[in-house]
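**Student:** My questions will all concern the structure given below.
The values are calculated or read from the model by the stated rules, or taken from the named source; none is laboratory data. Everything numeric here is computed off the predicted structure, so don't read it as measured data. Don't worry about glycine lacking a Cβ; one is built from the backbone with ideal geometry, like all the others, and counts go over all protein chains shown. Only protein heavy atoms, including side chains, enter the accessible area calculation; ligands, DNA and RNA are left aside. Shrake-Rupley method; radii C 1.70, N 1.55, O 1.52, S 1.80 Å.
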Amino acid sequence: MAHFEKATSVHDWLNQRLAIDTVRRVMATEYWIPKNINFLWAMGMVLAVTFGLLLVSGIFLLMYYQPNVATAFDSVNYTIMREVEFGWLWRHVHGVAASVVFLIIYIHMFTGIYYGSYKKGREMIWISGMLLFVAFSAEAFSGYMLPWGQMSYWAGMVITNLFAGGSLHADGLVEWIRGDYVPAQAFLTRFFMLHVLLIPLAILGLIGLHFAALRIPHVNNQDGEEIDFDAEAKKYLAGDKAGSKVIRFANDFMAKDMMVVAFYLFFFFYLVFFHYDFAMDPVNFDPADGLKTPAHIYPEWYFLWSYEILRPFPTDPGLIAFAFAQVIFFLLPFLDRSPNAVPANRRGLFKIWFWVMLVDMIVLTAMGKLPPEGIFSTIGLYAAITFIALWVVLPFITKLERKL
Amino acid sequence: MKNSSRRGFMGMAFGAVAGVGAVASLYAMKRSWDPLPSVKAAGFTTLDMSAYKENELVTEKWRGKPIFVLKQSKEMLEKAKKNPKDLERLIKIGDDHFMVAVGLCTHLGCIPGYNPDEESFLCACHGGMYDSTALVTKAPPPRGLDIPPFKIDGNKLVLGEAGPEYKKMLETGVTLKV
Ligand code: HEM
Ligand code: FES
């Protein structure tokens, strides 16, 4: 048996049993962060905080929400919004956070793409990040079903129909997912389960994996510099803090991170109190009606780009293009054939690729919101083709890149 | 040596038991997600076909899905006769012809809207169009609206039961099974 001594303090008592000093050293004080990074590297922490906001507001919503097709709509729009003290606060925090989290995820992803933070040992960070993106998408979709309004119902109808696989006609699969011929009670209760238990569990596990994947390669930096973390850490610990290229994660770097988080929270609560309506679709304030489709069905803004890749094509090619768009970002570390992990502005053709991709996704998002008619259809079609073409050329243009 | 091979055997035995258990529980989980018998049983709707008016779309309900019923006028029938693909979609009851179809777009399941002046359907979701027999005229929908299983019973129509006229439609590929 291990040897225990009479503790001299609470700290010492815990330390003998849980090795808290070692844990703190490994996870915080001697987890090294490069000095040459900017506010974009705080986005990961902003995401973690936003996830926390979703969790807390969700717990309070859960205490009054009723997953029943007859009562769900009123439990949200009447009970929570009007009867429960501060119920509106939890709902608006939850809705705004669910929307803003995607804005931050996209910024976080494009930061990674710009600085090449998905290769040279950082592949698992990227892949676990993409798994988080998929899990958040599923979480957002399942949550959108719960108020059982018109948009909930019809988004549920359209998205589950995707699983019929076009002319494969896997209607049995669709009915299996729904537990009914159309979205109904079985559908609502199972998506409720997914939203409040299974997917959040998966997200927690994936955040753990994402952080673990960061531990060995460490975060990248804005100059694409290959830092010898052991040597720099030694320098720092020897007292040459100014000469070392790294600082401690906590409390030194955390202080900077939390500074950005504080600014973010001002912006966030400004939205919650004064502009929450952008996160609440007016159509969803009509109760679900299986015999009436809303005039325009469109997803929340963060799914518009991939929706627009589906829309301009006939069913089968549309589904293939859509499936392509859903998975292709996973392959980024392997489709980028260049040996350089440096900022895009130093990478020649890749710099152009990056900006065209960013603008193309914004165009797709805008077109996805507009009705599919006339010039919008045409622009949408070309933007969708551009998206696919960009991924096809990526291995070739990165292969041509000279080693820096 | 002897020890390690015994451990190897125990590992394999455990693996086999766990494997069988995993497959069995996956099967149970799959079946738990299947539609309930009560959902499957509530599947019949009877329509009185003498009540409909020409060129006036009525939406009925069967298995939670909207069902379009459109009684064809003389002109619509004349138009349909020019295209065999249109004509074979219609259900004849007495001297009247009806278009009866599941009112969910075959693209991704929105409900198309009917315009009686143009005698056509437009799906607002992605711009698909259908004519008055619900045959597709503009993509993305891949085919006309699906026809639900039906049985003609005098001037009544029973949805959910497959009569000879419906079976023929299935065989000739006029509609898919829904
Ligand atoms: C809610 C979900 C997420 C959380 C909580 C999260 C959290 C974090 C944190 C705390 C960091 C370290 C600090 C930083 O560099 O920002 C990080 C880094 C990173 N994340 Fe995420 N992340 C999430 C989603 C994603 C997604 C969707 C992707 C893209 C596929 C992604 C890709 C990356 C990459 C490439 C890095 C390394 C950045 C570098 O080395 O410079 N993450 N993440
Ligand atoms: S659902 Fe009707 S055109 Fe897409």
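Here's the yes/no breakdown for (1) in contact with a His (Cβ under 9 Å, 6 or more places away or on another chain); (2) within 16 Å of ligand 2 (Cβ to nearest atom):
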residue	(1), (2)
B:PHE44	no, no
B:ASP48	no, no
B:GLU56	no, no
B:PHE68	no, yes
B:ASP86	no, no
B:LEU90	yes, no
B:ASP96	no, no
B:LEU108	yes, yes
B:PRO116	no, no
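**Student:** Of these, B:GLY128, B:GLY103, which one is within 15 Å of ligand 2 (Cβ to nearest atom) and touching a His at 6+ places or on another chain (Cβ under 6 Å)?
**Tutor:** Just a single option satisfies the conditions, and that option is B:GLY128.
**Student:** Then there is this: When region A:110-124 is examined, which residues are found to be of a type outside the set (Ser, Thr, Tyr) and open to solvent by 20 Å² or more (accessible area, probe 1.4 Å)?
**Tutor:** Residues satisfying the conditions are A:PHE110, A:LYS120, A:GLY121, A:ARG122, A:GLU123, A:MET124.
**Student:** Is there any pair with a first residue in region A:128-150 that is within 16 Å of ligand 2 (Cβ to nearest atom) and a second that is open to solvent by less than 30 Å² (accessible area, probe 1.4 Å) and assigned to a helix (DSSP H, G or I) whose Cβ atoms are under 9 Å apart and which are 6 or more apart or on different chains, and what are they?
**Tutor:** As it stands, the answer is A:GLN150/A:ASN284, since those pairs meet every condition given.
**Student:** Something else now. Is it true that B:SER120 is small (Gly, Ala, Ser) and within 16 Å of ligand 2 (Cβ to nearest atom)?
**Tutor:** yes
**Student:** Next question. Identify the residue in region A:295-323 that is acidic (Asp, Glu) and surrounded by fewer than 19 Cβ atoms within 10 Å (Cβ to Cβ) and, among all such residues, is nearest to the other protein chains (Cβ to nearest Cβ).
**Tutor:** So the residue we want is A:ASP316.
**Student:** List every residue pair whose Cβ atoms lie under 6 Å apart, where the two residues are 6 or more positions apart in sequence or sit on different chains, the first residue falls within region A:115-126 and is within 14 Å of another protein chain (Cβ to nearest Cβ), and the second residue, located anywhere, is more than 16 Å from ligand 2 (Cβ to nearest atom).
**Tutor:** Within 6 Å, no pair qualifies.
**Student:** Can you find, within region B:108-126, the residue that is nearest to A:GLY290 (Cα to Cα) among those that are within 7 Å of chain A (Cβ to nearest Cβ) and open to solvent by 20 Å² or more (accessible area, probe 1.4 Å)?
**Tutor:** The selected residue is B:ILE111.
**Student:** To continue, here is another question. Any residue at all in region A:231-238 that is in contact with a strand residue (DSSP E or B) (Cβ under 8 Å, 6 or more places away or on another chain), buried (at least 16 other Cβ atoms within 10 Å of the Cβ), under 24 Å from A:GLY129 (Cα atoms) and not aromatic (Phe, Trp, Tyr)?
**Tutor:** No - not one qualifying residue is present in region A:231-238.
**Student:** Between residues in region A:43-56 that are closer than 9 Å to A:ILE105 by Cα and residues that are assigned to a helix (DSSP H, G or I), which pairs lie under 6 Å by C-beta distance while being six or more apart or on different chains?
**Tutor:** A:MET43/A:ILE104; A:MET43/A:ILE107; A:MET43/A:HIS108; A:LEU47/A:ILE104
**Student:** Out of everything in region B:95-107 that is in contact with a helix residue (DSSP H, G or I) (Cβ under 8 Å, 6 or more places away or on another chain) and either open to solvent by 30 Å² or more (accessible area, probe 1.4 Å) or not assigned by TED's automatic domain parsing to the domain that holds B:ASN155 (or both), what residue ends up being nearest to ligand 1 (Cβ to nearest atom)?
**Tutor:** Restricting to residues being in contact with a helix residue (DSSP H, G or I) (Cβ under 8 Å, 6 or more places away or on another chain) and either open to solvent by 30 Å² or more (accessible area, probe 1.4 Å) or not assigned by TED's automatic domain parsing to the domain that holds B:ASN155 (or both), the top hit is B:HIS97.
**Student:** Give the residue that is nearest to the other protein chains (Cβ to nearest Cβ), with candidates limited to residues of region A:156-192 that are within 22 Å of A:PHE322 (Cβ to Cβ) and among the polar types (S, T, N, Q).
**Tutor:** Among those residues, the one meeting the criterion is A:ASN161.
**Student:** Further question on the same structure: Quick one: what pairs do we get from region B:24-36, first residue facing chain A (nearest Cβ under 9 Å), second acidic (Asp, Glu), C-beta under 9 Å, 6+ apart or different chains?
**Tutor:** Cβ pairs passing all conditions: B:ASP34/A:GLU175; B:PRO35/A:GLU175; B:PRO35/A:ASP180; B:LEU36/A:ASP180.
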